[in-house]
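A.B. asks: The following block contains the structure, expressed as structure tokens.
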Amino acid sequence: RRVRDYHGVQWDLGEDTDHQPAWPLARNGVNWDQLYGGWTDLGYEVLVSLMFDSLPPEMWPDLSTDAQSYGRSFAAYFGAPGQGTVSAVEIGNEPTQWDDAQYRALFESAAQGVRAGDPAMRIATCAAQAGPSDTYSKGLDSLAGLESLYDIINVHAYALVDGWPTWRRSYPED
């Protein structure tokens, strides 16, 4: 009953982080109304994972303003005030290009924008974990004080016998 889409933010913005998307069309021509509307017409609840890695921190001249503007625009159009096709948004998935401070700044700004655009839209963190951050997950402590900006803690748990460089997988009991 739920579907998750990996939504490339660069598809909407190109390389201009201050670009204002002309919803429902992404800058690369994807029609989000057809995609998300088609899923909701079939009875699915849509969660969108906003993927920021193709626009790393150094590409954002004004991260705070641009991420907040994008979040507000996205939520107002796709959330309950607009099309009503997206019920939840994940800010980043596994933000490998962002250190803790950079991700926190991105998360805070984008989440504030989402709350302004649709207060009812649920917000998920990127892959988070107890303890320190690693390449694929952020330590939940890096979002301390921002609890009012998220509704969902996103956890990616993998059964691994060995981590990098082999990433040898196993079964959950390991």
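The values are calculated or read from the model by the stated rules, or taken from the named source; none is laboratory data. Since we're looking at a predicted model, the values are computed, not measured. Using ideal geometry, Cβ is built from the backbone for each residue, glycine included, and neighbour counts are taken over all protein chains shown. With ligands, DNA and RNA removed, areas are computed over all heavy atoms of the protein, side chains included. Shrake-Rupley method; radii C 1.70, N 1.55, O 1.52, S 1.80 Å.
A.B. asks: Semi-axes of the equivalent ellipsoid of the chain: what are they in whole Å, largest first, if each equals the square root of 5 times a C-alpha gyration tensor eigenvalue? Walk me through the numbers before you get to the answer.
C.D. replies: Details: eigenvalues 141, 75, 49 Å².
The three semi-axes for the chain are 27, 19, 16 Å.
A.B. asks: Then there's this: What does the charge count around Arg104 come to, taking other residues whose C-beta lies under 11 Å from its C-beta (Lys +1, Arg +1, Asp -1, Glu -1)?
C.D. replies: Working: positive: Lys138; negative: Asp99, Asp100, Glu108, Asp141.
Local charge sum for Arg104: -3.
A.B. asks: If one takes the longest principal axis of the Cα atoms in the chain, at what angle in degrees, from 0 to 90 and to the nearest 10, does the Cα axis of helix 100-117 lie?
C.D. replies: Roughly 30 degrees between the two axes.
A.B. asks: Let me check against my output: what whole-number percent is the relative contact order of the range 90-174, with C-alpha pairs under 8 Å and at least 6 apart?
C.D. replies: Details: 119 pairs, mean separation 22.5, N = 85.
Normalised by residue count, the contact order of the range 90-174 is 26 percent.
A.B. asks: Can you tell me the accessible area per residue over the chain, all protein chains present, probe 1.4 angstrom, in square angstrom? It would help to have the intermediate numbers written out before the result.
C.D. replies: Values: 8760 Å² over 174 residues.
Solvent-accessible surface per residue comes out at 50 Å².
A.B. asks: In addition: Using unit Cβ charges (K, R positive; D, E negative) and no other charged atoms, how large, in debye to the nearest 20, is the dipole of the range 97-174 about its Cα centre? Please list the in-between numbers first.
C.D. replies: Values: 6 positive and 11 negative charges, 38 e Å.
In total the dipole reaches around 180 debye.
A.B. asks: Only helical DSSP H runs with n ≥ 4 go in: add -39500 (n - 2.57) per run for the chain, normalise by residue count and round the 222 nm mean residue ellipticity to 500 deg cm²/dmol. Could the numbers behind the result be given before it?
C.D. replies: Values: 4 runs with 49 residues, N = 174.
That calculation yields -9000 deg cm²/dmol at 222 nm.
A.B. asks: I've got another one for you. Would you mind telling me which residue in Ser87, Ser148, Ser49 has the biggest mean-square fluctuation in a Gaussian network model of the chain, where springs connect alpha carbons within a distance under 10 angstrom?
C.D. replies: Ser148
A.B. asks: Further question on the same structure: Can you list residues from other chains, or at least 5 along the same chain, whose modelled amide H is less than 5 Å from the amide H of Ala128?
C.D. replies: For Ala128, whose amide H was placed from the backbone, the distant partners under 5 Å are Lys138, Asn154, Val155, His156.
A.B. asks: With r as the distance between the Cβ atoms of Glu45 and Ala130 and R0 = 25 Å, compute the FRET efficiency 1/(1 + (r/R0)^6) and round to 0.05. Let's see the in-between values first.
C.D. replies: On the way: r = 28 Å, r/R0 = 1.11.
Plugging the Cβ-Cβ distance into 1/(1 + (r/R0)^6) gives 0.35.
A.B. asks: Given a 1.4 Å probe and the protein chains all in place, what does the accessible area of Phe74 round to, in Å² to the nearest 10?
C.D. replies: Approximately 0 Å² for this residue.
A.B. asks: Restricting the count to DSSP beta bridges whose residues both fall in the chain, what percent are antiparallel, rounded to a multiple of 5? Please list the in-between numbers first.
C.D. replies: Working: 3 of 21 bridges.
Around 15 percent of the beta bridges assigned by DSSP in the chain are antiparallel ones.
A.B. asks: If we count every other residue with Cβ under 13 angstrom of Leu25's Cβ, Lys/Arg +1 and Asp/Glu -1, where does the sum land?
C.D. replies: On the way: positive: Arg27; negative: Asp12, Asp33.
Neighbourhood net charge equals -1.
A.B. asks: Here is a further query. Show me 117-125, 33-41 ranked by packing, highest mean number of other Cβ atoms within 10 Å first. Before the final figure, lay out each step's value.
C.D. replies: Working: 117-125: 19.8, 33-41: 15.3.
Final packing ranking: 117-125, 33-41.
A.B. asks: Here is a further query. Expressed as an acute angle from 0 to 90° and rounded to the nearest 10, what is the orientation of the C-alpha long axis of helix 63-78 relative to the principal long axis of the chain?
C.D. replies: Helix 63-78 sits at roughly 60 degrees to that axis.
A.B. asks: Would you mind finding the longest exposed-site-free stretch of the chain, with exposed GluC sites (Glu not before Pro) meaning DSSP loop and at most 11 other Cβ atoms within 10 Å?
C.D. replies: On the way: sites that count: Glu15, Glu173.
Answer - 16-172.
A.B. asks: Which one of Ser69, Ser109, Ser133 has the biggest mean-square fluctuation once the chain is modelled by GNM with Cα springs under 10 Å?
C.D. replies: Fluctuation is largest for Ser133.
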